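Undergrad: Here it is, the structure in full.
The values are calculated or read from the model by the stated rules, or taken from the named source; none is laboratory data. Computed from a predicted model, the values in this text were never measured in an experiment. Cβ placement follows ideal geometry from the backbone for every residue including glycine, while neighbour counts extend to all protein chains displayed.
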Amino acid sequence: MADYNYQETSGLEISVSLSCCKAVEASTFVDEWENNKESLYKYIEAVHLGIKGVVTKGGQPLPYAWVQVKDEKKAFHTSDRSNERGEYWRVVVPGDYTVVALDGG
């Protein structure tokens, strides 16, 4: 479902598994945490990768704008992010990008 949601709604979801077993003994939780916490911390830090910004018009946030990374097929709507501050963010690999915004209101 995560791939579909990102492609169709721009919603980013993740699933995290700490073990290959579906049901693990509670006594192993501390060990699993110790084995995996650094990876989880690094993943959380990755939230700052990609592009982000605020679409404005006349100095005011534009909550219903279409935003598109040039050369990507899919545009996304700032309201897809459930906010009215005109914010957008997109996970992309490091590089130089041109971002275009159009008033969708």
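Undergrad: Which ones in region 4-61 are among the β-branched types (Val, Ile, Thr), modelled with pLDDT under 90 and loosely packed, with under 10 Cβ neighbours inside 10 Å?
TA: 14, 16, 44
Undergrad: Within region 80-104, how many residues turn out to be modelled with pLDDT under 80 and in a strand (DSSP E or B)?
TA: The total comes to 1.
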